[in-house]
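Just so it is clear, none of the values below were taken in a lab; they were calculated from the coordinates. From a predicted model like this one, the values you see are computed outputs, not experimental measurements. Glycine also receives a Cβ, built like all others from the backbone with ideal geometry; neighbour counts cover every protein chain displayed.
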Amino acid sequence: MNAKDELEGMRAALAVGGGDGNPLASKVAALEELAATKAQLNRAKAQLIAVKRNNAELEEEMDALLEIVADLKEQLDQDL
């Protein structure tokens with residue numbers, strides 16, 4: 001089950017009270033699950049931001065290396 005399906009299931013549980021005889025407890029449990037899911041999404045978002053930053057740094061390093069290679073090739077061509 002994907003996150004969207006889980007969220008829909010939790011919304012449905014909130015709407016009907018969960019069906020275990022204690023609607024308030026079911027709603028509290030569903031809210032706790034939503035809070036946990038939100039925390040997971042926030043952690044995943046932070047990881048994605050870190051990956052994007054690392055990717056940008058790697059791209060900068062790659063550009064610098066490509067410039068060095070181009071300079072070396074130019075020097076080699078001049079020497080030949």
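Give all pairs with beta carbons closer than 7 Å in which a residue from the stretch 50-79 that is part of a helix (DSSP H, G or I) meets a residue that is among the small types (Gly, Ala, Ser) and surrounded by 10 or more Cβ atoms within 10 Å (Cβ to Cβ); count only pairs at least 6 apart in sequence or on separate chains.
Listed by first residue and then by second, the contacts come to nothing, as the list is empty.
Could you list all residues from the stretch 38-58 that are farther than 27 Å from Glu6 by Cα and among the charged types (D, E, K, R)?
Once the filter is applied, which keeps residues that are farther than 27 Å from Glu6 by Cα and among the charged types (D, E, K, R), the stretch 38-58 yields Lys52, Arg53, Glu57.
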